[in-house]
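In what follows, a structure is listed as structure tokens, so that the remarks can point back to it.
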């Protein structure tokens, strides 16, 4: 009798361990595919280093980002100031480092808002279909019909500048692209066997959406998110450049470019550092997205 119980217990443990081994195996294969794309690996390392800088910028700043030295204004790069100084004598390297935190806060927070809204709208539209899908799809189409940058500038002007406004405005306007992708994935997934089986077993719609469909479409969501973060960084820099984003004395790469604009001809080092950081960071997120797209594509061959 005890032998039978032990056998049954062992079989149950084996059945529970099987999905875990399959998940680890799939993750291992995806990681191997990602490692084959060397630019994506380099981009990931670069972004991880930037993340550390964004978390503890004070550790890496050689000077206070607010400290001014009028006698040393617009100084060329030197050992004391590797990236030079700006128009009121502030160290550009320190301000670029502090601007990294602003860029990541805005990019990640706005992406989280956009994902929350986009996934919710796309999931409801794709799963329920019918008139709900029609109404939500027209809403998404209407939002995407407006030029994003024009909509951002208008909303930022109405609401007022600031880092909170920048996050809310960007997150509240770029979610439509997420909704469209999620809706397409839900339209395909809702007719699959595992969804039909869950529905036949009496699972509620919310359980099917959250426990059965959503975990199976995380791959495309992760890819589009990583690709879109670069665009959000550009949006934030644009708003700050025009004075509608992050406000002084908090440094932003965009506001640093705006402050350096009158000195580009005679002091080209002033816009070089923030412009280069925008370029490299956006490029890194795009390369990371390309690598994740290949890694999470089940059609890729080992």
| query | Is one or more of the residues making up the range 139-153 out of contact with any strand residue (DSSP E or B) (no Cβ under 8 Å at 6 or more places or on another chain), crowded, with 18+ Cβ neighbours inside 10 Å and not in a helix (DSSP H, G or I)? | reply | no
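Quick check, is residue 157 more than 25 Å from residue 224 (Cβ to Cβ) and either touching a residue at least 24 places away in the same chain (Cβ under 8 Å) or in a loop (DSSP other than H, G, I, E, B) (or both)?
On the way: more than 25 Å from residue 224 (Cβ to Cβ): yes; either touching a residue at least 24 places away in the same chain (Cβ under 8 Å) or in a loop (DSSP other than H, G, I, E, B) (or both): yes.
Here the answer is yes, as residue 157 does meet what is asked.
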| message | Given (1) surrounded by fewer than 23 Cβ atoms within 10 Å (Cβ to Cβ); (2) touching a residue at least 24 places away in the same chain (Cβ under 8 Å); (3) assigned to a helix (DSSP H, G or I), identify the lone condition not met by residue 243. | response | (3)
| query | For the range 208-235, what are the residues that are more than 16 Å from residue 296 (Cβ to Cβ), surrounded by fewer than 19 Cβ atoms within 10 Å (Cβ to Cβ), modelled with pLDDT of 85 or more and in contact with a helix residue (DSSP H, G or I) (Cβ under 7 Å, 6 or more places away or on another chain)? | reply | 234
| said: For the range 39-81, which positions are exposed (fewer than 11 other Cβ atoms within 10 Å of the Cβ) and at pLDDT below 90? | reply: 70, 71
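The values are calculated or read from the model by the stated rules, or taken from the named source; none is laboratory data. What you see is a predicted model; the values in this text were computed from it and never measured. Positions of Cβ are generated from backbone atoms using ideal geometry, with glycine treated the same way; all protein chains shown enter the neighbour counts.
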